[in-house]
1. If you keep only loop residues by DSSP, which GluC sites (Glu not before Pro) in the range 1-90 have at most 10 other Cβ atoms within 10 Å of their Cβ?
2. Calculated from DSSP H runs of 4 or more alone, at -39500 (n - 2.57) each and per residue, what is the 222 nm mean residue ellipticity of the chain, nearest 500?
3. Give me the lysines in straight-line cross-link reach of residue 161: C-alpha distance below 30 Å, same-chain residues under 8 apart excluded.
4. When the Cα centres of the range 148-222 and the range 58-100 are compared, how far apart do they sit, in Å?
5. Got a sec? How would 126, 111 order by Cβ neighbour count within 10 Å, fewest to most?
6. Compare the peptides 186-192, 132-138 by average per-residue count of other Cβ atoms within 10 angstrom and give them in order, highest first.
7. Within the range 168-199, name every residue whose backbone N is under 19 Å away from a label modeled 7 Å from Cα of residue 96 along the Cβ vector.
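Nothing in this text is a laboratory measurement; each read-out follows from the coordinates by a stated rule. This is a predicted model, so every value here is computed, not measured. Ideal geometry is used to build each Cβ from the backbone, glycine not excepted, and the neighbour counts take in all protein chains shown.
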Amino acid sequence: ERKIAIAIDGPAAAGKSTVAKRIAQKLNYIYIDTGAMYRAITYVAIESQQSLADELQLYQLLLNTDIELSQGGSGQKVIVNGKDITEDIRNQQVTNSVSKVAAYRLIREEMVIRQRELAGKKGVVMDGRDIGSHVIPDAEVKIFLIASVRERAERRYYENKRKGFEASLAQLEKEIAERDKLDSERTVSPLIKAEDAIELDTTSLTIDQVTNCIFNIINEKV
Ligand code: C5P
């Protein structure tokens, strides 16, 4: 069977990683969460008390930062310079600062080099903001997942609740909208639907429905 590259893009909290993981698992493909890479450098910068306003300094930090996305049995782990930061990169501070770091040209260029290397072999599901439009423009399948801000905030709200922390729905809505705005309006490879991507509005769909829908699209290609 032919192995392909699958790009899944879309705004924050649209369900990209959940769906991408399932597809990768079922096809026995590699899953690459590119958002985790931007989160990782943001986390390292905050930890080492670097100014997030200094692009060159952040770039130098990134060059010295090894980011490994390891495919474990219990999901993907994010290992930075040997340290497991899988949980840390999801914290509030990282979530609310990452779009600032991800807007820098030097940071993006270096990340894209690494991402293309990771995607070098086919049999990959990669999720992010610019995968279909920029990182792997020749991906055989390109999906653009969207959902209303309200729906995405609610999903995040219940996800947080399950994990044991409470954040107000209104606050989540505000943060998601803010991140979308920064990601869509930046000059360097902004969040955009590739011309040949298939847009899927998941607002009133279950995870199973979304996954099945994407499988049908993939099956036409392999
Ligand atoms: O996917 P996730 O929400 O974890 O991504 C975190 C942030 O990383 C995004 O809000 C965006 O600023 C940045 N990002 C990006 N390009 C990607 C993936 C993520 O700019 N391909």
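1. Taking the range 1-90 and a limit of 10 other Cβ atoms within 10 Å, the loop GluC sites (Glu not before Pro) found are 1, 87.
2. Mean residue ellipticity, 222 nm, calculated: -15000 deg cm²/dmol.
3. Within the straight-line limit of under 30 Å, residue 161 reaches these lysines: 16, 21, 26, 77, 83, 100, 174, 181.
4. 20 Å
5. 111, 126
6. 132-138, 186-192
7. 168-183
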